[in-house]
1. With equal scatterers on the alpha carbons only and no solvent term, can you work out the Debye log10 of I(q)/I(0) for the stretch 178-316 at 0.14 1/Å?
2. Name the cysteines of the chain that stand alone by the Cβ rule: no other cysteine Cβ under 4.7 angstrom.
3. Nearest 500 deg cm²/dmol is fine: what mean residue ellipticity at 222 nm does the chain get from its DSSP H runs of n ≥ 4 alone, each adding -39,500 (n - 2.57), divided by its residue count?
4. Kindly provide the Kirkwood hydrodynamic radius of the stretch 2-348 in Å, to one decimal, from all pairs of distinct alpha carbon atoms.
5. Ranked highest first by average number of other Cβ atoms within 10 Å, how do 197-205, 73-81 line up?
6. Below 8 Å, C-alpha to C-alpha, sequence gap of six or more: please give me the relative contact order for the chain in percent.
7. Between Asp46 and Asp65, what is the label-point separation in nm under the 7 Å Cα-to-beta-carbon projection?
8. Helix 30-41: angle to the longest alpha-carbon principal axis of the chain, degrees 0 to 90, nearest 10?
Amino acid sequence: MKLFFSPDQLRHRPQQYFRFGKVGVPVENPERMETLAEALGALGLDRRPPEDHGLDPILAVHDADYVRFLETIWGLWQTLPDAGPEILPNIHPYRGAGHDLIRRDRPRNTGPIGLTGYHVGDMSCAMGEGTWAAAYASAQSAISGARAILAGERNAFALCRPPGHHCYRDRANGFCFLNNAAIAAELLRTRFDRVAILDFDTHHGDGTQAIFYARGDVMVASCHTDPTDYYPFFAGFADERGAGEGEGANLNLPLAQGADDSAYLDAVKGLTRAVSDFGAEALVISAGWDAHRSDPLSRLAVSSDAFPRIGELLARLGLPSLIVQEGGYSLAAIAEAAPSFTTAFLGAHR
């Protein structure tokens, strides 16, 4: 299996993480990728840097204004008279109840504060000088993985960081700046008529869902902690089934807080059945290890034993598969979960 990863992905080094009313140490940090790269490298995977495929695959998913924002905001932020060390929003447009006072097609703002408020959805996306380079390299890892599948590989692993599944077409959210899984799925659609994204991260991939919600050619199937009182709070409920041509192509299986291995695996089995029924010809796996009971963000009771069993379940789908790294914030847990999942997946994937 080819493992795509660029050292540039370590250039995003957030200093602040605002949670529960206080600023803390970011859990999404470069050490995550260093740990994962070492743990997966020990499996003998064919690790290689991604090729640079440019912006076109990114722009096939993300709005041009948003990509331009990510490229330029650091320099623009420095023009503020008392700029802080990182870019964070302090105001947001109102988007609810059908009474939007903003244009949907593009932001009207030209200054750094308005643009950041428009394009950054929460306080977990602190941006520094190296953030765009890291996000771009992360997307290139996903693109290179997808291109490997298009070239005939049965599987590949895109070790993406920053992660992507909370990112919308035009908005960063939840540690995510470009939606790597969505970019990969869109690229796979150039060959495969039906593509599925299966997400077992403990957080619902609200950005991925939104991108494909009205499409019937890409299924988004996710099991995650019930968002009633958990991030992302406003998406990921079971009654969100897609819209228009996409009706029935979106599946959410929320898990109650405290759910154990049995409940988690039953949910993954439900996702695999839905992917099969959908008739998917290729699979993008949004792989998060943060359901693990040792993860600092987890409210589930999932053990390390669950992850190799998930690997086997997904492998039995028998589809060309790209694994895209999402969450997982306990270094000890990811060092166990990621390689055990991958070993089991490779052992069963035919």
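FYI, it's all coordinate maths here, none of it is from the lab. Please read these numbers as outputs of a predicted model, since none were measured by experiment. Methodologically, a virtual Cβ is constructed for each residue, glycine included, from the backbone with ideal geometry; neighbour enumeration extends over all protein chains shown.
1. -0.58
2. Flagged as lacking a Cys partner: Cys125, Cys160, Cys223.
3. Counting only the DSSP helices, I get -10500 deg cm²/dmol.
4. Kirkwood hydrodynamic radius for the stretch 2-348: 19.9 Å.
5. Per-residue mean Cβ counts within 10 Å order the peptides as 197-205, 73-81.
6. Working: 792 pairs, mean separation 60.6, N = 350.
Relative contact order comes out at 17 percent.
7. Distance between label points: 4.3 nm.
8. 20 degrees
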